[in-house]
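Some notes on the structure that comes next.
The values are calculated or read from the model by the stated rules, or taken from the named source; none is laboratory data. Every value quoted in this text rests on a predicted model; they were computed, and no experiment measured them. Every residue, glycine as well, gets a Cβ built from its backbone with ideal geometry; the counts of neighbours run over all protein chains shown. Surface accessibility is based on the protein's heavy atoms, side chains included, excluding ligands, DNA and RNA. Shrake-Rupley method; radii C 1.70, N 1.55, O 1.52, S 1.80 Å.
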Amino acid sequence: GAVVSQHPSRVICKSGTSVKIECRSLDFQATTMFWYRQFPKQSLMLMATSNEGSKATYEQGVEKDKFLINHASLTLSTLTVTSAHPEDSSFYICSARLLNTGELFFGEGSRLTVL
Amino acid sequence: GQQVMQIPQYQHVQEGEDFTTYCNSSTTLSNIQWYKQRPGGHPVFLIQLVKSGEVKKQKRLTFQFGEAKKNSSLHITATQTTDVGTYFCAVTGNQFYFGTGTSLTVIP
């Protein structure tokens, strides 16, 4: 199946710093990628839909200026958590949709810990 | 975003028992997908249902889409320890919204 690579898998940062997470579709082009946040033992909460070459579509309640999304190419989307605080600590997962089947392929996820 | 409820939230079964999780939406769905997430892992696609009343099988797994396309179910026959994980339904469109999930524990 298609492969989505997410990096880094784990990151620990100090409060107030920014962290960038990369999501790459390795063997297919993805015009649309999705970013999710998952708390322990909870479901995946859609944060935003990343569209190649245009602005991301954010879900209600998600701060655009805090969670910056850039989808500069058909294979790369990035999520930058700006001025991170401890409450931003979470598991962030990206996914890309395979156009011909519609199924989502997920990255391995990035566990962010803000001290 | 879209509200999709799943029941039960948790299910513990003895190995060999059957398991069913239900996904319910307040609105009519164009299609629905099912994913499995193992502990510590990321979700993996299982299947997509599109047609009203559709039933699909994958070995011991049976997926059903309701006639009104507002609900769906996943049934596992004779569970095995490898079935452990959280099962999510996902409603698709321009965005993908995941159900609340059902965490399955299989007791050997």
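List of remarks:
- Translational diffusion of the protein assembly as shown was estimated from the Stokes-Einstein equation, with Rh taken as the Kirkwood radius over Cα pairs; at 25 °C and 0.890 mPa s the coefficient is 136 µm²/s.
- Once you divide the Cα radius of gyration of the stretch A:23-85 by 2.2 N^0.38 Å, the number left is 1.13.
- Length-normalised contact order of chain B in % [C-alpha pairs under 8 Å, at least 6 apart]: 38 percent
- Calculated diffusion of chain A, Stokes-Einstein form, Kirkwood radius summed over Cα pairs, 20 °C and 1.002 mPa s, µm²/s: 153 µm²/s
- A 1.4 Å probe run over the protein assembly as shown, with the rest of the protein chains in place, finds 49 Å² accessible per residue.
- Take each residue of peptide B:89-95, count the partner chain Cβ atoms within 10 Å of its Cβ, and average: the result is 3.
- Chains B and A together bury roughly 1500 Å² of accessible surface, counting both sides and using a 1.4 Å probe on protein heavy atoms.
- Pairs over the 19 Å Cα-Cα cut-off, from the set A:Lys20/A:Lys64; A:Lys41/B:Lys59; A:Lys14/A:Lys66: A:Lys41/B:Lys59.
- Shape analysis of chain B places it in the prolate category; the axes a ≥ b ≥ c from the Cα gyration tensor give an a/c of at least 1.5, with a/b above b/c.
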